[in-house]
Each structure stands twice: as C-alpha cells, then as structure tokens.
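Down below is the structure, laid out as structure tokens.
What follows draws every value from the coordinates through simple rules; no lab data is involved. Fair warning: this is a prediction, and the values are worked out from it, not measured in the lab. Ideal geometry is used to build each Cβ from the backbone, glycine not excepted, and the neighbour counts take in all protein chains shown.
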Amino acid sequence: MKDNTSYNKKMNELVKQKLQKRNDPFAFSLVAQMILDESLHDFHINLYKKRIDEALEKRDRELFMKLTEEYKKFIG
C-alpha cells in the first residue's frame, strides 16, 4: 500500500465537512471505513514484520526473501 498522505488529508477534510452537517450517515460510514482500513493495514504490517523476524531467527533465507518481497509490494 502506498503512502497516500495527500489522499488521507483530502479524505480527512471531506469527513470534517460532512460531520459538520448533523447526523450525516455517509460521514459516519466513511469514518468507520477509514478506521477499519487503517486497522487492517496496521495489522498486516505487524504480521509481516513478525513473520520476517521469525524467518530471521530460523535463518530461513528463502522465506525471509519471499516475505521481504511481499512486504515491499504491500507497502508500495
């Protein structure tokens, strides 16, 4: 996943604007989706790091290289 800093800033602004309107269901669902996406992203990052560390501890070069490549593609 790429670093979408400018995208995230735009989305945050959109959410702020939507939340200023009272009880906008779109804004609430958008915020929920953003929280879920961020949580899943963090989970996968931590999982990759844990599995890479385990491969290093086991001195499994093949698994280490495979996981490192996958991790690089994931973060983008």
From (1) surrounded by fewer than 11 Cβ atoms within 10 Å (Cβ to Cβ); (2) farther than 24 Å from Lys9 by Cα; (3) of a type outside the set (A, V, I, L, M, F, W, C), pick out the condition that doesn't hold for Gly76.
(2)
From Glu54, Glu62, Glu38, which residue is in a helix (DSSP H, G or I), surrounded by fewer than 14 Cβ atoms within 10 Å (Cβ to Cβ) and more than 23 Å from the chain's Cα centre (by Cα)?
Glu62
